[in-house]
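These notes concern the structure reproduced below.
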Amino acid sequence: MSRFLRVNMTTGEVKFEEVPEKYMPLGGRALTSQLVYDEVPPTCDPLGPYNKLVIAPGLLSGTSAPSSGRLSVGGKSPLTGGIKEANAGGIASQKLANLGIKAIILEGKPAGSDWYLLKVTPEGAELLPAGDLAGKGTYEVTAICRERYGKKVAVITIGPAGEMLMPAAGVTNNDSDGNSSRYAGRGGLGAVMGSKRIKAIVVDSPATFDVPVQDPERFKAAARKFAKILQDHPVTGQGLPSYGTNVLMNIINEAGALPTRNFRFGRFDKAAEVSGEKLAEVAVARGGKATHACHPGCVMRCSNVYPMPDGKVCAPIEYETAWCFGPNLEIGDLDVIAKLNYICNDVGLDTIEVGCTLGVLAEAGVIPFGDGEAAIRALEEVAKGTPLGRILGGGSANAGKIYGVTRVPAVKGQGIPAYDPRGCKGNGVTYATTPMGADHTAGYAVTANILKVGGFVDPLKAESQVELSRNLQIATAFIDSSGLCLFVAFAVLDNPEGMPAIVEMLNAMYGLNLTADDVLNMGKQVLKVEREFNRKAGFTSADDRLPEFFSQEELPPHNTVFDVRAEELDQVFNF
Amino acid sequence: MRLEVRVFSGLEKFMPGARFGQAIEVERPEGTTVAGLVDSLGIPRSQVFTVLVNGRHAAMDAVLQPGDRVSLFPPVGGG
């Protein structure tokens, strides 16, 4: 029987609650967003006592469904001021689901300055003092917790950036090897966790795949079918397992959509040097791994293990991170990228936001473009809490204001990821309109725009991008609720049997009779709830726009501007 | 005519000495199509999933022009 674990940090009360009927069919993002909508006043201070941090496994998490161990973390974002769901891999989701926990809700705020650890085991949950963990980086915290509570525990934690309530702070958890690198990174939810004075949540579960399903035979057949669909698709079966997400570096560069030098150019002459192909070569030569699963039961295994020259390991280096510290800063050295990535993981920051912020700082002349050592030195300021460190942890939009920079790639205060909206206009529509602030995953139009998955829509033309983004945002909102990794979408978009297989797993697990239309309606409902929260928080259509320079400055090599009209952008959610 | 070819993500294994992302200059007759180029490079067509010519998607029957930058990819994805 699944339950909510509600932790009131004002009173210190920790209690399990029965899940009210209305939340039973929800999981992952659908659940975090609905709970935030129902329980968090939209106008509240994101770091105050009325905000809540909601952590929820997806609907299929903790079963044998392939690649289903995604974790949703939700709340009101200190970065955007709107609703946020950040989605992570790692092992926490499956463990929570196997403990019968549908969601953890952290609420209130303690009066004192003590830090706490929430320990969750099959026997129950308790708050413990965590003063000894305060100030420590996430790698050390995770190592201490695994030492103290067992090698197999999942550790959900924040770094010093989260403790210092920085708007770019993320919430991390670990993979099976203990790397605290699986981030619910975006939107500053690490600061929300920090505001609750929770340094870490330790989840100890003996089981990983044993969440009860109503019809085990039917479920097993559907799961097997879905695994085959993933293995048979060229992207999920071959592309992702071979080179990981950073295989994108070269194709986005060749397509002329790789944001270079803070979104000034669409190509970077050293792109190949920081690509997935190079990464795989170096990782393997140094004894690392070109392919690795972020959680047990993943068939795509798009992660990697990159040994750094200093003997530490950065696992993984993802495409977004390689881009934001590479081409975005005109840095063509994977070792520099790995170091910046590692520091972010350790200090507890979202890599994309930090990369965008470093780009803005370079624009302002605070650090030079192309200077890896200067970027590393700046990032090392974060843990010290110096003014520069706090600016860096404050995100790109804030840094732009402080330094008077107008070339700031951000929407709703959140930094734009690794596809220039002038060279991949479908993603431009998604950046502008998603309730999350600029987020590539919210409606990943790179599929049809560049990868030729799920059809083809010319990335350089304005036509059809709104419809493409709309359909992807709806499907994504559902996938993010299912616990499945969003990357299953590559196969689902091309294989008409994909979505029915997912629906079949849900029906077999919960004893339901859902149709594909029903689950897409769930996606629509998620978006409606999120949009409504944002509306009540003060957002209008004026917030659904890209920064001005994207419509004014042409992006080489195709010399295009973002020209999807405002009235069209306002039609994305017309359902 | 002279073409500038780049291969990626494993396709380089079909071309001895080639390295991913490195520009390879080749001479081909006028009128050569993408398919003709791929065949002449010894890369099985079934392995080529995406073709970009000067950064734009091109079909296998597209006719190449002098100086074109041709980039060949197997299935790739991520995000």
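Points to keep in mind about this one:
- Elements of type strands (runs of 3 or more DSSP E) contained in segment A:1-110, each with 2 or more residues being in contact with a helix residue (DSSP H, G or I) (Cβ under 8 Å, 6 or more places away or on another chain): A:53-57, A:71-76, A:83-88, A:101-107
- If the condition is being at the interface with chain A (Cβ under 10 Å from one of its Cβ atoms) and in a loop (DSSP other than H, G, I, E, B), then segment B:35-58 contributes B:Phe49, B:Asn54, B:Gly55.
- Filter result (away from every other protein chain (no Cβ under 13 Å) and not aromatic (Phe, Trp, Tyr)) within segment A:467-479: A:Glu467, A:Leu468, A:Ser469, A:Arg470, A:Asn471, A:Gln473, A:Ile474, A:Ala475, A:Ala477
- Count - residues of segment A:457-466 that are out of contact with any helix residue (DSSP H, G or I) (no Cβ under 6 Å at 6 or more places or on another chain) and either at the interface with chain B (Cβ under 9 Å from one of its Cβ atoms) or among the charged types (D, E, K, R) (or both): 4
- So A:Leu79, is it of a type outside the set (Phe, Trp, Tyr), under 30 Å from A:Leu230 (Cα atoms) and buried (at least 24 other Cβ atoms within 10 Å of the Cβ): no
- Considering residues of segment A:447-456 that are aliphatic (A, V, I, L, M) and in contact with a helix residue (DSSP H, G or I) (Cβ under 6 Å, 6 or more places away or on another chain) only, the residue nearest to the other protein chains (Cβ to nearest Cβ): A:Val453
- Among the candidates A:Tyr431, A:Tyr419, A:Tyr444, the residue that is closer than 17 Å to A:Gly185 by Cα and either at pLDDT below 95 or buried (at least 24 other Cβ atoms within 10 Å of the Cβ) (or both) is uniquely A:Tyr431.
- Condition check for B:Val34: crowded, with 20+ Cβ neighbours inside 10 Å and in contact (Cβ under 8 Å) with a residue 60 or more places away in the chain: no
- Leading residue by the ranking (nearest to the chain's Cα centre (by Cα)) among those in segment A:204-257 that are within 10 Å of another protein chain (Cβ to nearest Cβ) and among the β-branched types (Val, Ile, Thr): A:Thr245
- Scanning segment B:1-15 for residues that are more than 8 Å from chain A (Cβ to nearest Cβ), surrounded by 14 or more Cβ atoms within 10 Å (Cβ to Cβ) and not in a helix (DSSP H, G or I) turns up B:Met1, B:Leu3, B:Glu4, B:Val5, B:Val7, B:Met15.
- Residue within segment B:16-29 that is loosely packed, with under 15 Cβ neighbours inside 10 Å, within 13 Å of another protein chain (Cβ to nearest Cβ) and within 11 Å of the chain's Cα centre (by Cα) present: yes
- Residue match in segment A:310-329 (condition: within 14 Å of another protein chain (Cβ to nearest Cβ) and touching a Cys at 6+ places or on another chain (Cβ under 7 Å)): yes
- Subset of segment A:548-557 (residues that are crowded, with 19+ Cβ neighbours inside 10 Å and outside any helix (DSSP H, G or I)): A:Leu555
- Segment A:258-301, subset buried (at least 23 other Cβ atoms within 10 Å of the Cβ) and hydroxyl-bearing (Ser, Thr, Tyr), residue nearest to the other protein chains (Cβ to nearest Cβ): A:Ser275
- Filter result (of a type in the set (A, V, I, L, M), surrounded by fewer than 24 Cβ atoms within 10 Å (Cβ to Cβ) and part of a helix (DSSP H, G or I)) within segment A:389-416: A:Ile391, A:Ile402
- Within segment A:429-446, the set of residues being at the interface with chain B (Cβ under 8 Å from one of its Cβ atoms) and under 14 Å from A:Ala477 (Cα atoms) comprises A:His440, A:Thr441, A:Tyr444.
Here's the yes/no breakdown for (1) within 14 Å of chain B (Cβ to nearest Cβ); (2) assigned to a loop (DSSP other than H, G, I, E, B):
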{"position": "A:Leu486", "(1), (2)": "yes, yes"}
{"position": "A:Ala508", "(1), (2)": "no, no"}
{"position": "A:Asp518", "(1), (2)": "no, no"}
{"position": "A:Leu527", "(1), (2)": "no, no"}
{"position": "A:Phe539", "(1), (2)": "no, yes"}
{"position": "A:Leu546", "(1), (2)": "no, yes"}
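The values are calculated or read from the model by the stated rules, or taken from the named source; none is laboratory data. Quantities reported herein were computed from a predicted structural model and do not represent experimental measurements. Please note: Cβ atoms are built from the backbone with ideal geometry, for glycine as well, and neighbour counts cover all protein chains shown.
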